[in-house]
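This report refers to the structure that appears directly beneath it.
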Amino acid sequence: MTFVWAFIVGGLICVIGQLLMDVGKLTPAHTMSALVVSGAVLDGLGLYEPLIDFAGAGATVPITSFGNALVHGAVAEANQNGLIGIVTGIFEVTSAGISSAIIFSFLAALIFRPKG
């Protein structure tokens, strides 16, 4: 049943993103930003952790989880280190994902020779 709920929740997040682009006429960049901010707001309200517990990868894989990670890291570090922890917490939690995206994008560009 875990896989079913992960599929449903992840699919609903994707449907929301698609509706923002099709019905709301938002660009992909605006849609991505809206989903990141919504994940951050849900985590700030304490609603994203229960969603992760319920849906597992259905809630941790979509882009909304990036907003969740930003807020989660900032709050955790702010509680430990004060005001400077807000900045360091954001970088500590998300640095591996951002670094991986840069490295693998560079390697893909070397292999596939993008145009533009």
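Tell me, which residue of segment 1-35 that is over 18 Å from the mean Cα position of the chain (by Cα) and within 19 Å of T60 (Cβ to Cβ) is most open to solvent (accessible area, probe 1.4 Å)?
Only one residue fits best here, namely F3.
Please count how many residues of segment 61-86 are without any contact (Cβ under 8 Å) to a residue 12 or more places away in the chain and open to solvent by 50 Å² or more (accessible area, probe 1.4 Å).
5
What are the pairs, 6+ residues apart or on separate chains, where a residue within segment 94-116 that is within 25 Å of A40 (Cα to Cα) and polar (S, T, N, Q) has its Cβ under 6 Å from a residue that is surrounded by 10 or more Cβ atoms within 10 Å (Cβ to Cβ) and at pLDDT 85 or above?
T94/A69
Would you tally the residues in segment 1-52 being touching a Ser or Thr at 6+ places or on another chain (Cβ under 7 Å) and more than 19 Å from T94 (Cβ to Cβ)?
Summing the residues that are touching a Ser or Thr at 6+ places or on another chain (Cβ under 7 Å) and more than 19 Å from T94 (Cβ to Cβ) in segment 1-52 gives 3.
The values are calculated or read from the model by the stated rules, or taken from the named source; none is laboratory data. Note that the coordinates shown come from a computational prediction; the quantities given were computed from them, not determined experimentally. Reconstructed Cβ throughout: ideal geometry from the backbone, glycine too, with neighbour counts over all protein chains shown. Accessible surface areas use protein heavy atoms only, side chains included; no ligands, DNA or RNA. Shrake-Rupley method; radii C 1.70, N 1.55, O 1.52, S 1.80 Å.
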